[in-house]
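The values are calculated or read from the model by the stated rules, or taken from the named source; none is laboratory data. Bear in mind the structure is a predicted one, so any value in this text is a computation, not a measurement. Cβ sites come from the backbone with ideal geometry, for glycine too, and all protein chains shown count toward neighbours. Please note that ligands, DNA and RNA were not included when accessible areas were found on the heavy atoms of the full protein model with its side chains. Shrake-Rupley method; radii C 1.70, N 1.55, O 1.52, S 1.80 Å.
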Amino acid sequence: MFLLASAGCGTGLGEESGDALARDAAAVEAKQLNTELGHRNRPRDAASIAAAEIVQEVEEPASGGGGTVRREALAWSGRTAGDERATVDVRFVVTVPEQPPVSVGGASNSAGEAARCYRYEFELYRYTTYHEIDCPSGAAPPPPTAAPVPKVPEDGRERLTAVLRTATPDTLAGAVRAAFPQDWITVDTTVHEGALVAAVGVPAERDCLLLVRTPAGKIESPGYDRIWLEPGETGCRTGLYVSPPR
């Protein structure tokens, strides 16, 4: 959101240029978006970043009582995974309405419009960076589509509960993997002091399901600090229950 401030470029006595105001406002919007995009801590492809975090379907009102801004994704490539980099080119189109003076000799501005373009660069576990680029001619391409985010299935708890009710120490590992065959899901199982323990998750998304069948046959969901799912910590493993960090 931007505030309309003096651009120092007049079109008449006491009147500012709407085009100059719009151009300055676009730069403010670009900086604000960079702040919002922030630190990247999930693997994502550029199309998903653009679709979920950048593209605006309609123009949005600006703060300060005047003007609108529209963001358009112009190009996207790469992904945030390992040491790879994703880039998204964005065009900001700002319109400023004519503002007559509210008092004799007061500030006013003409109607105006400006478009400025910026390239945003994303790397895993780093803050987003950006710089201005030349705007291409022509309309923006069709907006990108976000790829589905991998996660434990919605019925994951029911699946794992059913497995634990019938599994034995010898069949536990195979039965849990059979219930969660997707290659993006990790499975870790163990038997601890007579309890059957299973952890099923998507580590990159910090998505984890941990269940235990006690020696008495009760299915429990042990609590744990979610910071233990972060990179470098225990991760989605049976250790969350068997040997939790202290």
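Just name the residue that is modelled with the lowest pLDDT out of those in the stretch 38-79 that are touching a Lys or Arg at 6+ places or on another chain (Cβ under 7 Å) and aliphatic (A, V, I, L, M).
Per the criteria, the residue is Val55.
Mind listing whichever residues of the stretch 160-170 are open to solvent by less than 70 Å² (accessible area, probe 1.4 Å) and within 25 Å of Ser243 (Cβ to Cβ)?
Leu160, Thr161, Val163, Leu164, Ala167, Thr168
Against the definition (among the hydrophobic types (A, V, I, L, M, F, W, C), part of a strand (DSSP E or B) and buried (at least 18 other Cβ atoms within 10 Å of the Cβ)), how does Ala199 come out, yes or no?
Answer is yes for this residue.
Provide a single number: the residues in the stretch 38-47 that are open to solvent by 10 Å² or more (accessible area, probe 1.4 Å) and assigned to a helix (DSSP H, G or I).
Matching residues across the stretch 38-47 total 1.
For the stretch 124-139, enumerate the residues that are aliphatic (A, V, I, L, M) and open to solvent by 50 Å² or more (accessible area, probe 1.4 Å).
Ala139
With the structure loaded, tell me whether Val200 is outside the structural domain of Val55 (by the TED database) and without any contact (Cβ under 8 Å) to a residue 40 or more places away in the chain or whether it fails that test.
no
Take the residues in the stretch 80-123 that are in a strand (DSSP E or B), open to solvent by 70 Å² or more (accessible area, probe 1.4 Å) and modelled with pLDDT of 95 or more, then tell me which one is nearest to Asn34 (Cα to Cα).
My answer is Arg119.
Does Ala178 qualify as being over 18 Å from Leu240 (Cα atoms), open to solvent by less than 30 Å² (accessible area, probe 1.4 Å) and in the same structural domain as Gly235 (by the TED database)?
When the stated conditions are applied, Ala178 does not pass them.
So, Arg157, is that one at pLDDT 95 or above, within 34 Å of the chain's Cα centre (by Cα) and surrounded by 14 or more Cβ atoms within 10 Å (Cβ to Cβ) or not?
Criteria met by Arg157.
Looking at (1) touching an Asp or Glu at 6+ places or on another chain (Cβ under 9 Å); (2) crowded, with 17+ Cβ neighbours inside 10 Å; (3) closer than 23 Å to Ala81 by Cα; (4) aliphatic (A, V, I, L, M), which one does Ile227 not meet, given that it meets all the others?
(2)
List every residue pair whose Cβ atoms lie under 7 Å apart, where the two residues are 6 or more positions apart in sequence or sit on different chains, the first residue falls within the stretch 225-246 and is more than 27 Å from Arg40 (Cβ to Cβ) and of a type in the set (Ser, Thr, Tyr), and the second residue, located anywhere, is outside any helix (DSSP H, G or I) and open to solvent by 10 Å² or more (accessible area, probe 1.4 Å).
Cβ pairs passing all conditions: Thr238/Asp188; Thr238/Thr189; Thr238/Thr190; Tyr241/Pro222.
Please work out if Thr214 is open to solvent by 20 Å² or more (accessible area, probe 1.4 Å) and touching a helix residue (DSSP H, G or I) at 6+ places or on another chain (Cβ under 7 Å).
So Thr214 fails the test.
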